[in-house]
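Presented below is the structure to which this report refers.
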Amino acid sequence: MTVVREVSVRSLRRRPLWVCVGVGAAGAVLAAGRLVHSGAFVDWWVGGGLLAALVGVAFLHAVTLEVSADAYGVRYGSLLRRHRSMPWGDIADLRVHIQYGRHGEEYFRIGVLLRDGRTRRLPLPVSGSRDDRPDFDAKLDALRALHRRHGNPESDHLAVISKRTAGRGATAPLVLCLLLLAAAGLAAWLVPVTGATKKAWDSAVPCAAGTPSAERGSCLTTLPAVIARTEVGEAKQPSRLYFADGRPVDRVTVSREGAQGFRTGDRVELTLWRGQVRVVTAEHHVWREHFTSAGSVAVLAAALALAAGYPGARVLMHRRGRRLPDDEVLPSALPFAGVLVVTALWLLPFCYVHPIVPPASPGALAWAAAGSLVTLGLLVLAWRATRIRTPQEVTATAAAPRETAGEDVFLAARFLESTDYNPNHFGTHVVLGDGPPAVVPHPGPGRFAARPVPAHRLTVQGVRRPRGGDGDGVPRGWHVADLDDAGEPVRLAAAPADLSRILHALGAARAAVDAAAAGAVGEDERVGPVLPRDGFERSTVVRPPPTAGHGPSPAPG
């Protein structure tokens, strides 16, 4: 057995990193020479050289970054960052953190759980592809071996923290929830302001002849103008109308369709309200400024508040799972998302029709009351659907598994390891019925491509909830059975009721094989079952030795 004495980890593919460092140094030299020669700070060459120098500094940090571990503890740092150390006595456990990129990439990093509850992530090693995983696993095993030798780990279990586990934290959804609630509050505050503006515009009348200039803002003033040119913006660019001689205004921003309806030289009439042009009227086209109604802003406020409910539900799920191990998978918050969608179906129309004052009609009150009751009932159902149930609770409340005699029954289940009866993880279902339990890559019917499960080799070690190390392919509501397959650990994942049924069938098949083997012993012509690892039964006939007076005589010496 090889004893690990020291571990040192540096960045992979260091040659490209040194090339980038060299480019950064060349950029710094170029910027300094250009600055000395010209003396001008605002220069393309100086700016480009400084940018290359900054990039080179970042790559210099990456190429000199090092993580080392020995009998004392773990140290990490670089040429540009001071080294930090953590003695083994302060480290409670080592774990794996899975980070996700912008396009769904998975990056594996090693985290250090300190005894005071804090967690630090080591900058190295990092695995972002299958090619890097063997080296990452080797470094992880070496660090864990040093920890077991010189420290006191809290557990031999390797915790894997992913975005679905309890130890991931809820800071990001909490911040998102607060931002959406703040935006909803701002939109709600603008509802009466928008409603008052819309009402004032609808009730505005043309100004009388003797109206003073100071009071003309609240009434409508019409002025003639001539369009000098039009500017139709592309995509999201604004469209504008320009007027001859800049009278009465230089330009007006209009919609794209509004700008396309006018031509150069058109004589138009401008309607001003509160000091701005609100209507442009020509003989063949009219543009009017759109005033947002209070109902539209109220709908926006309600939609933002409902959108804040989903990250809030995720925070709630983390709060409910605070007593779970850090690597245990939390239930999904999608049931609460369904509640929010159903609530939006009745709340958004209600807010559009009654944005400011409460409704007084019986129909509106009945609509609000019925919608509130539906939302409350769905919340109760979502709360019950997302409760955290341990396998012991499921076993205590579940009924006995149904017998599978008769036609085959296909249950969604997955063996998480590649075995002789599940090569390359091809199985998606387990079929139970008249034949032996088997793994199939389809939901039936028929046992096409079925691989029998060797029940005589399998021993149930325990049933648990899914963990981060089981992978994202295991649904949150499933349970995982830890099995022993002739000394090899195997995991079987399925829904709680289906998993109980499969384990019961495997136990019955194992008992049948044991009973058949025990009943065959003692017969004169014994049939001994020989079950190789392929799962198919073969028989060997063992005959008794010949007695005196029977059979051929031995050959003479």
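Annotations for the structure displayed:
- The lysines whose alpha-carbon is closer than 30 Å to the alpha-carbon of residue 163, local same-chain residues fewer than 8 away aside, are 139.
- Placing a pseudo-label 7 Å from each Cα along the Cα-to-Cβ vector at residue 135 and residue 72 gives an inter-label distance of 2.6 nm.
- Just so you know, the averaged projected area of the alpha carbon convex hull for the chain sits at 51.9 nm².
- Annotation: cysteines of the chain without a disulfide-compatible partner (Cβ-Cβ under 4.7 angstrom) are 20, 177, 351.
- Mean sequence separation of contacting Cα pairs (under 8 Å, at least six apart), scaled by the length of the chain, corresponds to a relative contact order of 9 percent.
- When only alpha carbons of region 223-292 are considered, Rg and Dmax amount to 11.1, 32 Å.
- Student exercise, region 249-306 dipole from Lys, Arg, Asp, Glu Cβ charges, in Debye to nearest 20: 80
- Prolate/oblate/rounded call for region 417-522, Cα gyration tensor, a/c under 1.5 rounded: prolate
- Within-14-Å neighbourhood charge of residue 489 [Cβ basis; K, R +1; D, E -1]: -3
- Added length on full extension, which subtracts the Cα-Cα distance from 0.36 nm per residue, residue 35 to residue 163: 41.2 nm
- Tensor-based shape of region 462-514 (alpha-carbon gyration tensor, a/c under 1.5 rounded, otherwise prolate or oblate): oblate
- Distance between region 306-348 and region 124-145 - C-alpha centres, whole angstrom: 34
- Region 263-388, relative contact order in percent, only Cα pairs under 8 angstrom and at least six apart counted: 24
- Comparing 83, 201, 119 along the charge dipole axis of region 69-221, the residue lying farthest to the positive side is 83, per the Cβ-charge model.
- Projecting the Cα atoms of 9, 341, 428 onto the dipole axis of the chain, where Lys and Arg carry +1 and Asp and Glu carry -1 at the beta carbon, places 9 farthest toward the positive end.
- Taking only protein heavy atoms and a 1.4 Å probe, the accessible area of the chain is 59% carbon and sulfur.
- Net charge of Cβ neighbours under 11 Å - reference residue 472; Lys, Arg +1; Asp, Glu -1: +1
- Annotation for region 421-460 versus region 42-91: alpha-carbon center distance of 52 Å.
- Average accessible surface for the chain: 58 Å² per residue, computed with a 1.4 Å probe over protein heavy atoms with every protein chain in place.
- Region 146-173-region 231-280 distance, computed between alpha-carbon centres (Å): 63
- Over region 1-128, the hull volume per residue, using the convex hull of the C-alpha atoms, is 167 Å³.
- Entry note, region 373-506: relative contact order of 22 percent, from Cα contacts under 8 Å with a spacing of 6+ residues.
- Each principal axis of the Cα cloud of region 179-247 was taken in turn, and the coordinate range along them, longest first, works out to 47, 40, 18 Å.
- Under a model in which nothing but the beta-carbon of Lys, Arg (+1) and Asp, Glu (-1) is charged, the chain shows a dipole of about 1800 debye around its Cα centre.
- Positive minus negative residues near residue 133 (Lys, Arg vs Asp, Glu; Cβ under 14 Å): -4
- Simple Cβ-charge dipole of region 1-152, Lys/Arg +1 and Asp/Glu -1, about Cα centre, in debye nearest 20: 260
The values are calculated or read from the model by the stated rules, or taken from the named source; none is laboratory data. None of the values given here were measured: they were computed from a predicted structure. Heads up, the Cβs are rebuilt from the backbone with ideal geometry, glycines too, and the neighbour counts pull from every protein chain shown. Side chains are part of the model used for accessible areas, which takes the heavy atoms of the whole protein and leaves out ligands, DNA and RNA. Shrake-Rupley method; radii C 1.70, N 1.55, O 1.52, S 1.80 Å.
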